[in-house]
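Below: one structure, written as structure tokens.
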Ligand SMILES: [Zn+2]
């Protein structure tokens with residue numbers, strides 16, 4: 001069972017109070033994009049053994065979407081952060097580097 | 001829903017005279033804080049806080065949502081007044097009194113009864129007086145706060161009020177003490 005701290009209401013929320021929103025930091029490709037970009041936007045997802053970035057919603061709570069960085073192997077949570085960003089903030093990346101030196105995820109490291 | 005009450009580990013009573021007004025907008029903005037204080041007589045609470053005095057108060061629901069409490073009879077006029085006063089501010093004001101149900105729990109076991117239903121640590125070190133907790137109880141969304149160490153109020157959608165009264169009563173069933 002995961003416990004994630006919602007950065008909007010500041011509470012540690014039980015997994016059963018949250019709604020999972022899939023992979024974080026996807027860039028949308030719509031009409032006019034190439035077939036390859038559109039296909040990877042619809043179907044291409046990371047399936048890492050280790051560091052992963054996800055979207056979650058404080059569903060039974062303040063109702064806001066937020067981001068979470070965690071390890072899919074140990075369930076360790078590196079941190080949660082605002083939904084209003086295109087990539088993880090430096091503090092989150094640093095927290096991951098401390099525990100998982102040399103980590104990469106898509107084009108982040 | 002009629003008046004009803006269940007007496008067990010705590011007394012569960014439906015509160016029928018609580019007016020509720022949802023206000024959405026930037027709660028950190030000066031204008032909204034000033035107008036809500038003028039309307040209720042209490043300060044805008046901090047994150048996840050409940051400032052309540054009698055039937056009036058403000059609940060912090062999210063960074064851009066507050067629940068204004070007022071006596072039921074005053075709520076429609078107060079909502080209209082707030083709407084006027086916030087007409088030049090990016091805000092939404094709706095009287096939701098008829099869309100919500102409120103329950104009051106009274107008794108020394110109040111923290112234990114809440115903890116049976118919600119994934120929340122209700123220990124006094126974690127859940128302080130004056131803190132609002134939005135969460136779920138059983139299958140439905142709700143918000144609750146402690147008015148004292150022996151009383152709490154629970155708000156949920158009125159459409160699930162029967163369910164809420166049922167699970168609160170069952171969590172308060174005599175003989176089901178957490179620490180007997
Ligand atoms: Zn939240």
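Read the figures in this text as sums done on the coordinates, not as results from a lab. As the structure is a computational prediction, the values presented were derived from the model and not from experiment. As a convention, Cβ positions derive from the backbone with ideal geometry for all residues, glycine included, and neighbour counts pool all protein chains shown.
Per 0.36 nm of contour for each residue apart, how much would the distance between residue B:46 and residue B:129 grow if the chain were fully extended, relative to their Cα-Cα spacing? Could you put the intermediate results ahead of the total?
Details: separation 83, 0.36 × 83 = 29.88 nm, distance 1.30 nm.
Additional length available on full extension: 28.6 nm.
Can you give me the pair-distance distribution of the protein assembly as shown, C-alpha pairs, 10 Å bins, whole percents?
6, 24, 28, 22, 14, 5, 0
Mind sorting B:157, A:43 by how few other Cβ atoms lie within 10 Å of their own Cβ, fewest first?
Values: B:157 15, A:43 7.
By the 10 Å Cβ count, ascending, the order reads A:43, B:157.
Taking only the Cα atoms of the stretch A:1-106, how large is their convex hull per residue, in Å³? Spell out each step's value before the answer.
Details: hull volume 12.2 nm³, N = 106.
Per residue, the Cα convex hull of the stretch A:1-106 comes to 115 Å³.
Given a Förster radius of 25 Å and the C-beta distance between residue B:170 and residue B:148 as r, what FRET efficiency does 1/(1 + (r/R0)^6) yield to the nearest 0.05?
Details: r = 24 Å, r/R0 = 0.94.
Here the calculated transfer efficiency is 0.60.
Only Cα pairs under 8 Å and at least 6 apart count here; give the relative contact order of the stretch A:3-99 as a rounded whole percent. Present the calculation step by step, with values, prior to reporting the outcome.
Working: 151 pairs, mean separation 25.8, N = 97.
The normalised contact order for the stretch A:3-99 reaches 27 percent.
Which whole-number percent of Cα pairs in the stretch B:107-166 have a distance greater than 16 Å? Let's see the in-between values first.
On the way: 658 of 1770 pairs.
In whole percent, the share of Cα-Cα pairs in the stretch B:107-166 beyond 16 Å is 37.
Using the Cα gyration tensor of the stretch B:18-97, with a ≥ b ≥ c the square roots of its eigenvalues, what is the shape: rounded (a/c below 1.5), prolate (a/b larger than b/c) or oblate (neither)?
On the way: a/c = 1.56, a/b = 1.08, b/c = 1.45.
Since a/c reaches 1.5 but b/c is at least a/b, the shape of the stretch B:18-97 is classed as oblate.
Mean-square fluctuation check for chain A, GNM, Cα pairs under 10 Å: which of A:44, A:22, A:61 is largest?
Result for chain A, Cα springs under 10 Å: A:44 fluctuates most.
Only bridges with both residues in the protein assembly as shown count here: give the DSSP antiparallel percent, nearest 5. Display every interim value, and only then the final one.
On the way: 67 of 67 bridges.
Within the protein assembly as shown, antiparallel bridges account for around 100 percent of the total.
Counting other C-beta atoms within 10 Å, which of A:52, A:67, B:90 has the fewest, and how do the rest follow? Walk me through the intermediate numbers first.
On the way: A:52 18, A:67 24, B:90 12.
Ranked by crowding around the Cβ, least crowded first: B:90, A:52, A:67.
Using Cα atoms only, what is the angle between the long axis of helix B:75-85 and the major principal axis of chain B, expressed in degrees (0 to 90) to the nearest 10?
40 degrees
For chain B, go through all pairs of different Cα atoms, get the mean of 1/r, take its inverse, and jot down that Kirkwood value in Å. Before the final figure, lay out the partial values.
Values: mean 1/r = 0.0602 Å⁻¹.
By the Kirkwood definition, the hydrodynamic radius is 16.6 Å.
For helix B:30-40, report the angle its Cα long axis makes with the longest principal axis of the Cα atoms of chain B; keep it between 0 and 90° and round to the nearest 10°.
Its long axis makes an angle of about 60 degrees.
List B:10, B:42 from most exposed to least, where exposure is judged by having the fewest other Cβ atoms within 10 Å. The partial results should precede the final answer.
Numbers: B:10 25, B:42 18.
The fewest-first ordering by Cβ neighbours comes to B:42, B:10.
Which value at 222 nm does the protein assembly as shown reach when only helices count, each DSSP H run of 4 or more adding -39,500 (n - 2.57), with the total divided by all residues and rounded to the nearest 500 deg cm²/dmol?
Working: 6 runs with 60 residues, N = 289.
The per-residue figure over the protein assembly as shown is -6000 deg cm²/dmol.
On the principal axes of its Cα set, how long, how wide and how thick is the stretch B:9-51? Give whole Å, largest value first.
42, 21, 18
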